[in-house]
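*Asks:* One structure, pasted below without further comment.
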Amino acid sequence: MVRIEQVLPIDQHLRRLIQALDEDLLQRYDEENIYTIDLDYPDTLKMTFMVAYVDDTPAGCGAIRSLDADSVELKRFFVDSTYRRQGIAGKMLQALEQRAIEQGCQWIRLETGAEQFEATAFYERNGYYRIPVFADYKDDGISLCYEKKLDLDK
């Protein structure tokens, strides 16, 4: 049974999952190419964070942050390797997209690394398409950016 809950940045399950994500990324990239997040920074309170639970075990996380009036960015999207290929990422993505729609957004964008083949395949299966690299990602040389037009009729 998968349950998706919105949480605050102080949530300990969220923090452990983001730490696991950072550890996973450190196995793939140099530290300077990893875009971490300071969950104690006051602006994180403006973000929407979600944790996916399998039964009562935290299995994945994700967030959205506002880019402008019409768009959000998907951030810190991760499913623990123990729980992959069980549909959890898809359910979490749907929940975050729905929250973006509720916030009145038409677009969702994201950045992922060129070495995360499973992530790029997942996003493309879910209707995302490549766009030019945006924002702080322009100069790192390994970023791939995607976006999706949200279905506001959902």
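*Asks:* Here are some values of Rg and Dmax of the Cα atoms in Å: (1) 15.7, 54; (2) 14.6, 41; (3) 17.0, 54. Which one was computed from this structure?
*Replies:* It is the value labelled (2).
*Asks:* Next question, about the same structure. Starting from the Cα of K148, draw a straight line to each of the lysines and keep only those under 18 Å, dropping any in the same chain fewer than 8 residues away.
*Replies:* Output for K148: K75, K91.
*Asks:* Another one. Evaluate the charge dipole of the range 90-140 about its Cα centre and quote only its size in Debye, nearest 20, assuming +1 on the Cβ of each Lys and Arg and -1 on the Cβ of each Asp and Glu.
*Replies:* 260
*Asks:* Note down the magnitude of the dipole of the chain about its Cα centre, charges +1 on Lys and Arg C-beta and -1 on Asp and Glu C-beta and zero elsewhere, to the nearest 20 debye.
*Replies:* Charge dipole, the chain, about its Cα centre: 600 debye, nearest 20.
*Asks:* Which of the aspartates and glutamates could be linked to K138 by a straight reach, that is with a Cα gap under 12 Å, when you skip same-chain ones fewer than 8 residues away?
*Replies:* E111
*Asks:* Find the accessible area per residue for the chain; the probe is 1.4 Å, ligands and nucleic acids are left out, and the unit is Å².
*Replies:* Heavy-atom SASA per residue in the chain reads 56 Å².
*Asks:* At 7 Å along Cα-to-Cβ for each site, give me the label-to-label distance between T57 and Q103 in nm.
*Replies:* Simple spin-label model gives 3.1 nm for this pair.
*Asks:* Specify the residue with the greatest mean-square fluctuation among Y41, Y128, Y53, computed from a Gaussian network of the chain linking alpha-carbon atoms under 10 Å apart.
*Replies:* The residue with the greatest mean-square fluctuation here is Y41.
*Asks:* In the chain, which whole DSSP H runs stretch at least 15 Å along their own axis (Cα) and average 0.0 or higher on the Kyte-Doolittle scale?
*Replies:* TM-like helix candidates: 88-102.
*Asks:* Farthest toward the dipole's positive end in the chain, which of L17, A135, L93, given Cβ charges of +1 (Lys, Arg) and -1 (Asp, Glu) about the Cα centre?
*Replies:* L93
*Asks:* Test of understanding: what is the full-extension gain from M1 to Y41, defined as 0.36 nm times their sequence separation minus their Cα-Cα distance?
*Replies:* On the way: separation 40, 0.36 × 40 = 14.40 nm, distance 3.28 nm.
Roughly 11.1 nm would be gained on extension.
*Asks:* Still on this structure, please answer the following. Can you give the calculated 222 nm mean residue ellipticity of the chain, where each DSSP H run of n ≥ 4 adds -39,500 (n - 2.57) and the sum is split over every residue, rounded to the nearest 500 deg cm²/dmol?
*Replies:* Using -39500 (n - 2.57) per qualifying helix, the result is -8000 deg cm²/dmol.
The values are calculated or read from the model by the stated rules, or taken from the named source; none is laboratory data. The model shown is predicted, which means the values in this text are computed figures rather than measured ones. Note: ideal-geometry Cβ built from the backbone for every residue, glycine included; neighbour counts use all protein chains shown. Each accessible area value is taken on the protein alone, full model and side chains, heavy atoms only, with ligands, DNA and RNA left out. Shrake-Rupley method; radii C 1.70, N 1.55, O 1.52, S 1.80 Å.
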